[in-house]
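Visitor: There's a structure below that I have some questions on.
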Amino acid sequence: MPIPIFAQVLLAVLFVGTVATALIFWNQILDWANKTLFPWIKKNLPWLANDVINAFVALDKVLTPMRIRIKEAWKKLREYLLKILVQFEQNTRNDWVKRITYWAIRNLESNEPEVARVVEEQIVDFDSLPPDVREEFLRRSNISQDVNVTQLRDRELELAPMTN
């Protein structure tokens with residue numbers, strides 16, 4: 001059975017978001033390596049120093065352009081993707097309804113762009129909920145919560161430094 005286009009878009013968004021989140025910390029990793037790791041290696045394992053530094057240089061050559069491409073891809077996707085809202089509602093003691101609603105423009109070139117709205121639902125157990133949703137439920141007994149995925153990704157990429 002083929003995957004619906006909106007499910008494909010969601011998978012792409014989640015992948016981009018996950019990778020972008022991990023890449024946000026690259027500058028902090030480089031800073032830590034320069035201040036802590038490299039000096040320690042030079043002092044305690046000097047014969048490995050060049051290899052370790054070369055490994056970081058190689059990673060940086062891959063990650064920096066990737067970070068830029070991710071930001072550009074998200075910007076292009078956002079021309080069509082208006083919003084993704086994920087809603088969690090407690091159904092039974094252990095089951096929750098996860099409702100994903102997508103709003104997207106079907107054709108930007110049209111005089112009156114058509115906005116598509118697609119809703120997908122699935123039942124998930126408590127252990128499958130995102131950590132922040134579980135925490136809100138445990139702390140405040142929130143039995144329904146909304147997560148604006150597009151807003152989160154916009155903020156993550158806006159805050160992500162793109163240069164070293």
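Visitor: Accessible area of Val52, 1.4 Å probe, to the nearest 10 Å²?
Guide: Rounded to the nearest 10, the figure is 30 Å².
Visitor: Here is a follow-up. Name the shape class, rounded, prolate or oblate, that the alpha-carbon gyration tensor gives for region 115-164, where a ≥ b ≥ c are the square roots of its eigenvalues, rounded holds for a/c under 1.5, and otherwise prolate holds if a/b is larger than b/c and oblate otherwise. Present the calculation step by step, with values, prior to reporting the outcome.
Guide: Numbers: a/c = 2.60, a/b = 1.42, b/c = 1.83.
Oblate, because a/c is 1.5 or more while a/b does not exceed b/c.
Visitor: May I ask you to compute the full-extension gain from Asp95 to Glu121, defined as 0.36 nm times their residue separation minus their alpha-carbon distance, rounded to one decimal in nm? Could the numbers behind the result be given before it?
Guide: On the way: separation 26, 0.36 × 26 = 9.36 nm, distance 1.26 nm.
Extra length available between Asp95 and Glu121 comes to 8.1 nm.
Visitor: Subtract the Cα-Cα distance of Leu159 and Ala58 from 0.36 nm times their separation in residues, and report this length gain in nm to one decimal. Before the final figure, lay out each step's value.
Guide: Numbers: separation 101, 0.36 × 101 = 36.36 nm, distance 2.43 nm.
That works out to 33.9 nm of additional length.
Visitor: Sticking with this structure for a sec: List the residues, sorted by chain then number, that are 5 or more residues from Leu81 or on another chain and whose placed amide H is less than 5 Å from its amide H.
Guide: Counting only residues 5 or more places away or on other chains, the set is Ile105.
Visitor: Using 0.36 nm per residue of separation minus the Cα-Cα distance, give me the extension gain between Arg78 and Arg139 in nm, one decimal. Spell out each step's value before the answer.
Guide: On the way: separation 61, 0.36 × 61 = 21.96 nm, distance 3.39 nm.
So the chain would gain 18.6 nm between Arg78 and Arg139.
Visitor: Okay, moving on. Once a ≥ b ≥ c are taken as the square roots of the eigenvalues of the Cα gyration tensor of region 55-164, is the result rounded (a/c under 1.5), prolate (a/b larger than b/c) or oblate (a/b not larger than b/c)? Show your work: numbers first, answer last.
Guide: Values: a/c = 2.91, a/b = 1.30, b/c = 2.24.
In terms of gyration-tensor shape, oblate.
Visitor: So how much accessible area does Lys35 have, in Å² to the nearest 10, using a 1.4 Å probe?
Guide: 140 Å²
Visitor: Pairs of lysines 8 or more apart, or on different chains, with alpha carbons under 23 Å: count those in region 38-156, would you? Don't skip to the answer; put the middle values down first.
Guide: Values: Lys42/Lys61; Lys61/Lys71; Lys61/Lys75; Lys71/Lys83; Lys75/Lys83; Lys83/Lys98.
Value for region 38-156: 6.
Visitor: Oh, and also: Suppose accessible area is computed on protein heavy atoms with a 1.4 Å probe; arrange Leu129, Leu37 from highest to lowest. Spell out each step's value before the answer.
Guide: Details: Leu129 5, Leu37 35 Å².
The ordering from most to least exposed comes out as Leu37, Leu129.
The values are calculated or read from the model by the stated rules, or taken from the named source; none is laboratory data. For clarity, every value in this text was computed on a predicted model and none was experimentally measured. Only protein heavy atoms, including side chains, enter the accessible area calculation; ligands, DNA and RNA are left aside. Shrake-Rupley method; radii C 1.70, N 1.55, O 1.52, S 1.80 Å.
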